[in-house]
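The values are calculated or read from the model by the stated rules, or taken from the named source; none is laboratory data. This is a predicted model, so every value here is computed, not measured. Ideal geometry is used to build each Cβ from the backbone, glycine not excepted, and the neighbour counts take in all protein chains shown. What goes into the accessible areas is simple: the full protein's heavy atoms, side chains included, and nothing from ligands, DNA or RNA. Shrake-Rupley method; radii C 1.70, N 1.55, O 1.52, S 1.80 Å.
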Amino acid sequence: IRKGPAMSNDMIGYTRVSTTDQDIQGHKASIESAYQIARWFEDEAISGTTTALHRPGFAALFDYVREGDTVVVPAIDRLGRNTIDVLSTVEGLKAKGVTVISQREGFDLSTPMGKMMLTMLAGVAELERQNIRERQRAGLERAKVEGRPLGRPRKADGAEVAAWRREHG
C-alpha cells in the first residue's frame, strides 16, 4: 500500500502471458516506447480465462492503484478473455478513480466511447477463445478418427509397469 496524497498520477503497466513459452518483455518494451511507467505488474503463464482478481499480479495491481493513476495494458485481451470479467475489471478500476488505456486499441477504456469499444472488443476476445477451443476439439476428434495417438508419448511399456508392480507389491 502506498502512502501519500489521495490523488496520484502514476502510470502503471500490466501485462499477462498465457504460457511459459511467451515473453512479457515485448509487451513492456512496446508500452515503454509510448508511456513512462512508474511500476509494473505482471502475470506469467496464467490464462486469460482466469478472472483478473484471481491472478496474483493483477490482484496486487488492484490493491496498489489509487485515484488518479492510469493503468496501461498492451491490449484488451491481456485483461481477460471473458467479456463480463473484463468489463467488471475496468469498472472496478474506474470506481477507484483509475483510468485504463489499451495500447493496441489506442483508447481510454474509462470513457463512454471507450466502454462501448471495450464491450465490443472484449466480446471479440471471448469469441476468439471459444473458437480456439472449438478448433482444439475438432482437431482431437479428427485425430481419434484417424487413429493417431493422443497425449504425450508413453515413457514406459504397460507390460513392464505391470511386471514391476507385481514384483514390488
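Listed values, structure above:
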{"quantity": "Top-ranked residue in region 138-148 [being of a type in the set (D, E, K, R) and outside any helix (DSSP H, G or I); ranked as modelled with the highest pLDDT]", "calculated": "Glu146"}
{"quantity": "Residues satisfying the stated conditions in region 149-166, i.e. open to solvent by 100 Å² or more (accessible area, probe 1.4 Å) and not in a loop (DSSP other than H, G, I, E, B)", "calculated": "Glu160, Trp164, Arg165, Arg166"}
{"quantity": "Selected residue (only one of Arg55, Arg129, Arg137, Arg81 is among the charged types (D, E, K, R) and closer than 23 Å to Met11 by Cα)", "calculated": "Arg55"}
{"quantity": "Strands (runs of 3 or more DSSP E) contained in region 1-82 and holding at least 1 residues under 13 Å from Gln103 (Cβ atoms)", "calculated": "11-16, 70-73"}
{"quantity": "Of all residues in region 12-45 being surrounded by fewer than 15 Cβ atoms within 10 Å (Cβ to Cβ) and of a type in the set (Val, Ile, Thr), the one that is modelled with the lowest pLDDT", "calculated": "Thr20"}
{"quantity": "Residue count for region 46-86, restricted to those that are within 9 Å of the chain's Cα centre (by Cα), at pLDDT 90 or above and open to solvent by 40 Å² or more (accessible area, probe 1.4 Å)", "calculated": "2"}
